[in-house]
Amino acid sequence: MSSDQSLTNEALFERAQRVIPGGVNSPVRAFRSVGGTPYFVAEASGPFTYDVEGRRYIDYVQSYGPGICGHAHPAVVEAVRRAAGRGTSYGAPTRDEVLMAEEMCARVAGLEMVRLTNSGTEAVMSAVRLARGVTGRPTVVKFAGCYHGHSDSLLVAGGSGVAQQGLAGSEGVTAGAVADTIVAPYNVVPELDETVAVVCVEPVAANMGLVAPEPGFLQGLRDACDAVGALLLFDEVITGFRLCRGGAAEWFGVRPDIWCFGKVIGGGLPVGAFGASTEIMSGLAPLGGVYQAGTLSGNPLATAAGLAVLGLLDDDAYVRLESTAAALQEGLESAFASAGVTAVVPRVGPLLGLFFTEDAPRDFDEARKAADNGRYPPFFHGMLRRGVAFAPGAYEAIFPSLAHTDAEIEATVAAAAATASEMERGPEG
Ligand SMILES: *Cc1c(COP(=O)(O)O)cnc(C)c1O
């Protein structure tokens, strides 16, 4: 695309590393766990990203979830363009915030009020504060391998980038900050007591690869919470409005007390949201004593994009999304099987994972063994060389979008077949 040598991935990464820690603004992007130089994206459209060297990738990162309609969907672009022309932040309420909250509550049974934030991290952090505020209890239960953003009290045994760094948590988080956080293994209903304010769970764990909840796990959490008066929080930052109209709560038929959202509902703009019944949400300022705020919260660009995305997510969209994911799952599984590569491609609706093991992991210990067995980096680079971008780390999910057509799925499967036989025989084979 450019003969300007300053615009190679290599050159940009070098410059980036001088002025940005690790060259990136979120650790996974640095390619540390797969090795090599990250590609710097110049632009993206539908299922494709294009790097600064003009190379095209079929993209399954999709910004780790926000790209459910693919990149730069015309309806989203137009909505954002029009919103930008009207001003980008006012510090006063807007019509679109109301429409956004109404649309979310209409889709999710039991969700009566929402508050918008600027990220999933903020959403979960605020929701936990609210849960502690309304219950008057201190303890938070989370599950190993579940990622709930990078707020202090939830940054223990997180998945995603925390896991890739091989960290149990993070330096800089005091013992006090996590003293009231209990970590339990995923897919096992923990013993709760009456100090527990809230049990936080990813209803489908999508930050340790993809780990599905076993039958009865989510209902077991519901029952255990009810028995001690604890609140159940579904972190639906990935699953919300993605699995189906009503997200994981509808998909699994289990209703939490508090929901957290993000990713999909911003169409690629910075956003998050948390919500619950009117009773619980009334604990929040200005109605109640739990403080939470944001200069840019509910900002007009994010709500314009979010409304455009939700407008595209009709029943037909969910059917198409799932059939695309199913075709990719089948294609990848048969590509690995033909090449003699042991792999499993777990799928929940439109969400996929990939582990180079016999059986799909059920918890973080199993996921970690699978993710760290050395098979993922050669797969990742083989695919990238063939123009297919999976996430640069084995702990991330695969995100097919509405923009991926049969042609992209076929090309992806062909690339996987070639990569798999290369993994089996070596590059010369
Ligand atoms: C991405 C993610 C978050 C954090 O959202 P950010 O917008 O990155 O702060 C929280 N929970 C889950 C389940 C996520 O996948």
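Summary table
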item	result
Surface accessible to a 1.4 Å probe, Asp96 within the full protein complex, Å²	20
Cα gyration tensor, the stretch 266-361 - rounded (a/c under 1.5), prolate or oblate	prolate
Theoretical gain in end-to-end length, Thr37 to Thr278 [0.36 nm per residue, Cα-Cα removed]	81.9 nm
GNM result for the chain, Cα springs below 10 Å: residue of Ser26, Ser151, Ser170 fluctuating most strongly	Ser26
Rounded to 10°, Cα long-axis angle of helix 315-339 versus longest principal axis of the chain	40
Zone residues, the stretch 34-64, relative to Asp406, backbone N less than 19 Å from point 7 Å out along Cα-to-Cβ	47
Mean ellipticity per residue at 222 nm, deg cm²/dmol - from DSSP H runs of n ≥ 4 across the chain, formula -39500 (n - 2.57)	-11500 deg cm²/dmol
Cα shape, the stretch 141-290, gyration tensor, a/c 1.5 rule	rounded
Helix 406-425 vs. the chain, principal-axis angle (Cα, 0 to 90°, nearest 10)	70
Highest-fluctuation residue, Gln292, Gln219, Gln17 considered, GNM on the chain with Cα pairs under 10 Å	Gln17
Computed Kirkwood radius, in angstrom, where 1/r is averaged over Cα pairs of the stretch 11-106	16.3
Fraction of beta bridges assigned by DSSP in the chain that are antiparallel (%, nearest 5)	60
Spacing of the two label points (7 Å from each Cα toward its C-beta) at Val188 and Ser45, in nm	5.2
Stretch gain in nm, segment Ala418-Ser89, where the contour uses 0.36 nm per residue and the Cα spacing is subtracted	113.6 nm
Global geometry of the stretch 169-250, whether rounded, prolate or oblate, following the gyration tensor of its Cα atoms and the 1.5 cut on a/c	oblate
Magnitude of the charge dipole, the chain, Cβ model with Lys/Arg +1 and Asp/Glu -1, debye to 20	920
Fluctuation leader among Ile258, Ile280, Ile238 - the chain, Gaussian network, Cα springs under 10 angstrom	Ile280
With Cα atoms, 0 to 90° folded angle of helix 120-135 axis to the chain main axis	20
Inter-label distance, nm, simple model (7 Å from Cα along the C-beta direction), Asp152/Arg18	3.6
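The values are calculated or read from the model by the stated rules, or taken from the named source; none is laboratory data. This one's a predicted model, so the numbers in the text were calculated from it and none came from an experiment. Counting neighbours? That spans all protein chains shown, and the Cβs are built from the backbone with ideal geometry, glycine included. Side chains are part of the model used for accessible areas, which takes the heavy atoms of the whole protein and leaves out ligands, DNA and RNA. Shrake-Rupley method; radii C 1.70, N 1.55, O 1.52, S 1.80 Å.
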